[in-house]
1. What residue, of Asp64, Asp46, is over 24 Å from Lys176 (Cα atoms), charged (D, E, K, R) and not in a loop (DSSP other than H, G, I, E, B)?
2. Mind counting the residues in the stretch 222-251 that are among the hydrophobic types (A, V, I, L, M, F, W, C) and part of a loop (DSSP other than H, G, I, E, B)?
3. For the structure I just gave you, tell me whether Ala125 is away from the ligand (no atom under 15 Å from the Cβ), in contact (Cβ under 8 Å) with a residue 40 or more places away in the chain and small (Gly, Ala, Ser).
4. Please state which of the following conditions Val32 fails to meet, knowing it meets all the rest: (1) more than 24 Å from Ala148 (Cβ to Cβ); (2) at pLDDT 90 or above; (3) of a type in the set (Val, Ile, Thr).
5. Checking the conditions here, which among Gly191, Gly254 is outside the structural domain of Ala290 (by TED's automatic domain parsing) and either over 30 Å from Arg117 (Cα atoms) or not in a helix (DSSP H, G or I) (or both)?
6. For the stretch 182-204: of the residues being surrounded by fewer than 16 Cβ atoms within 10 Å (Cβ to Cβ) and in contact (Cβ under 8 Å) with a residue 12 or more places away in the chain, which is nearest to Asn71 (Cα to Cα)?
7. Mind checking whether some residue in the stretch 156-175 is under 24 Å from His269 (Cα atoms) and either in a helix (DSSP H, G or I) or more than 15 Å from the ligand (Cβ to nearest atom) (or both)?
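The values are calculated or read from the model by the stated rules, or taken from the named source; none is laboratory data. Fair warning: this is a prediction, and the values are worked out from it, not measured in the lab. Ideal geometry is used to build each Cβ from the backbone, glycine not excepted, and the neighbour counts take in all protein chains shown.
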Amino acid sequence: MSEKLTAGDLKSDLAKAHAWALAPVETAHDLVRNLTGVYQSLRDLDIGRYDPARLAEAAAIGEDFGYDEINLNVGCPSDRVQEGRFGACLMREPALVGDCVAAVQARVRIPVTVKCRIGVDDQDAETDFRNFIDTVATAGCRVFVVHARKAWLEGLSPKENREIPPLDYARVHRLKAERPDLTIVLNGGLGDLDSACGQLQHVDGAMLGRAAYQTPYLLADVDRRIFGASGAPPTRADIIERLIPYAGHHLAAGCRLNNIARHILGLYHGRPRGRLYRRILSEQAVRAGAGVEVLQQALAVAEAGAGGAVAPAAAE
Ligand SMILES: Cc1cc2nc3c(=O)[nH]c(=O)nc-3n(C[C@H](O)[C@H](O)[C@H](O)COP(=O)(O)O)c2cc1C
């Protein structure tokens, strides 16, 4: 990369695209397209690339931006990612992934983690997977988030690669039993907190992908159920009310409302006015100049009849 990126460049672009869960940050991706793939979650920066020096540079920018963790993506099977020689195809190159981890760790102070599959294509999910983990662990990675299925790199879309290769939780459980010193987080197919809590009998952590996105309110009970917090979980209305000042702050910084609103489209999933709530957000948050009043309107509609909030004329 001839042009040198500054942390300010990346901050400025990331500030325009706030993801709530793991989701692409297109503007940042454009910015660093010659450097790496960049995705933003709440607290970790998910990066993918095969070049240790450039990865380390991206990681340093992410650390400077304020992330708590750098996560190397060795699980994405998309064609675009394969063309860039990163994501799941790197399961075949454990030594290179180890070099990437070591280079990033040498550059940043925050933890460096790896998200991977249990293999790709015809790899052996026992020996090849163990070799991958051991090689990358020897290079210094202590935390692995394992999507408990293979990726099939030919012929399946990314969506199909989240559904068709069979889940093998037992393989991830064995990994934890064999390598108890490593922190192992299981991912894949966990649809609710009961499933996630069940996995905690076998591994150190559980990661929800689509469930957290489609039915985000299930996360409201995580503190109580898993971390021992007392008190009632926040209501859906509490969550939106807390989000409004956050959204206002980011709108003032040039962010579009939809970059925030799209991550709470599922908040009222399964509730009486959930579809209307979703429609208001999805139709109005994309409009130029949309402000926090859209959140307020969606909240009022969703809570109409629930004791207090008044629905505007557009309500069902
Ligand atoms: C829309 C979407 C975007 C995703 N983006 C990323 C990503 O940026 N990085 C990543 O490691 N995984 C990403 N994933 C994969 C999820 O992290 C997770 O591994 C996958 O959805 C399987 O978990 P689940 O069955 O709980 O959904 C994405 C998944 C979806 C549906």
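1. Answer to the selection: Asp64.
2. So the answer is 2.
3. Against the criterion (away from the ligand (no atom under 15 Å from the Cβ), in contact (Cβ under 8 Å) with a residue 40 or more places away in the chain and small (Gly, Ala, Ser)), Ala125 qualifies.
4. Going through the list (1) more than 24 Å from Ala148 (Cβ to Cβ); (2) at pLDDT 90 or above; (3) of a type in the set (Val, Ile, Thr), Val32 breaks only (2).
5. Gly191
6. Restricting to residues being surrounded by fewer than 16 Cβ atoms within 10 Å (Cβ to Cβ) and in contact (Cβ under 8 Å) with a residue 12 or more places away in the chain, the top hit is Asp204.
7. yes
Rundown of residues vs (1) assigned by TED's automatic domain parsing to the domain that holds Val145; (2) aromatic (Phe, Trp, Tyr); (3) modelled with pLDDT of 80 or more, yes/no style:
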position	(1), (2), (3)
Leu22	yes, no, no
Val25	yes, no, no
Glu57	yes, no, yes
Tyr67	yes, yes, yes
